[in-house]
1. Between segment 126-153 and segment 66-116, how many Å separate their Cα centres?
2. Local charge sum around V400 (other residues, Cβ-Cβ under 13 Å, Lys/Arg +1, Asp/Glu -1)?
3. Considering only S343, A175, L121, whose Cα is most displaced toward the positive end of the charge dipole of the chain, charges sitting on Cβ of Lys, Arg (+1) and Asp, Glu (-1)?
4. Run the accessible area of segment 86-168 with a 1.4 Å probe and give the carbon-and-sulfur part as a rounded percent.
5. Rounded to the nearest 10 Å², what accessible area does V297 show when all protein chains are kept and the probe is 1.4 Å?
6. If you count only protein heavy atoms and use a 1.4 Å probe, how large is the accessible surface of H385, to the nearest 10 Å²?
7. So, with a 1.4 angstrom probe, what is the percent of accessible area on segment 267-381 that is carbon and sulfur?
8. Which FRET efficiency, nearest 0.05, do L322 and I302 yield, Cβ-Cβ r, R0 25 Å?
Amino acid sequence: MSAPLDATAPRPGTVGAMTGHTPEQVRRAVAAVMVTFALNGFAFAGWAARLPRVRDALDLRPEALGFLLIVGAAGALVAMPMSGLVVERLGTRRTILTFAAVNGIGLLLASVGVGLGQIWLVGAALVAVGMGTGVWDAAMNIEGAAVEQALGKAIMPRFHAGFSLGTMIGAAVGALAAHLDSPLLVHLGIVLPAGYLALLVVARWFLPVDLHGTAHDETASAPVARAWTESRTLLIGLVVLAAALTEGAANDWVSLAVVDGFDTSPATGALGFAVFVTAMTAMRLLGTGLLDRYGRVVVLRIVAALSLVGLLVFGLAPWLWLATFGVVLWGAGAALGFPVGMSAASDDPRRAPARVAVVSTIGYSAFLAGPPLLGLLAGQVGYRHALLAVGVPVVIGLFVTQAAKPLPTAVGGAR
């Protein structure tokens, strides 16, 4: 006579069956991770949308403003290599809550510095912002990968779409605050605590830490430093770097490239950027179905090809309407490399913290080094033609997409 089934245990073939989570736990975790990604994007966009106010309050020239932003990016790059170790020690829930707080406090201190006209305080605060953002980002990707494992199908692109939606909402709120001429500290002093309270609520729905199968098994967990010597992890990092640079270049330069390249208005340039973000968000929402149907490697090759064609069309098109079509292809192509890379780095849940830390660090390096280099090149050949240089890492990423082929422990098996 067989033993009775536990009524609370997941049944074979149901959501969570392979990882020991109940379907209700997984459903709540999906919602929690989606909100966490959105809140990360919301906090980032709240600051980014007020950069004109920062520039004017501190009377910064473009070079000085660029250096100030690099300081924040450097904080992220310093912290991200340590994120795997932090997650192993604290778990994803405590890591996200701790470093989201660091990020929020840093942004509030930066706002104080702007109000006082003290650039040194703004710079110091932005280091904390970068560190908080970087570790928060890595930890939420690790939690997202654990949820993806429990769900049994690809969902990471939708989490990154949540980030994109969060940035859109944050930018809209920032635009309203700017229209009302609200002081930066008042604006962020309202939205950041509200966002953190929401994070405290949803963090309770993350997957139970003892079931993650990651760093809490010390015999299975590899040292973080060892991940930097794994060829597969480094090649996945190249795929993510290409995608991050493709996205980052658009964030920084596509609006200026539209304005200068076609002698049009700043409003049209902003519309060009909006087209890029919309195309990227749409592809992230559609990407889960494509990944489930065709697999990672095929999808990564498709989006890399879209990026390359889009960049070429945008950089060489003689008409604005054709260049806009190129922006659509470019945005769709930039959408999936980062989230799919995070999933690939997390195929083995026991090694996920270390590998995600490595891949995130490599990817975010593109945000630090790429835009300044493109800016220097743009001074010689113009913004549109300078952006063609992004095609080089895209081609390199195209040739190493096989590295993202799922491991046997991955969602959906080796495909």
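The values are calculated or read from the model by the stated rules, or taken from the named source; none is laboratory data. This structure is a prediction, so every number in the text was calculated from the model and none was measured. Positions of Cβ are generated from backbone atoms using ideal geometry, with glycine treated the same way; all protein chains shown enter the neighbour counts. Surface accessibility is based on the protein's heavy atoms, side chains included, excluding ligands, DNA and RNA. Shrake-Rupley method; radii C 1.70, N 1.55, O 1.52, S 1.80 Å.
1. First find each Cα centre; the distance between them is then 13 Å.
2. Once all neighbours under 13 Å are counted, the net charge is +4.
3. So the residue furthest toward the plus end is S343.
4. Details: 1840 of 2640 Å².
Carbon and sulfur together cover 70 percent of it.
5. Near enough 20 Å² of accessible area.
6. Result for H385: roughly 90 Å² accessible.
7. Details: 3210 of 4250 Å².
On segment 267-381, the fraction of accessible area on carbon and sulfur atoms equals 75 percent.
8. 0.70
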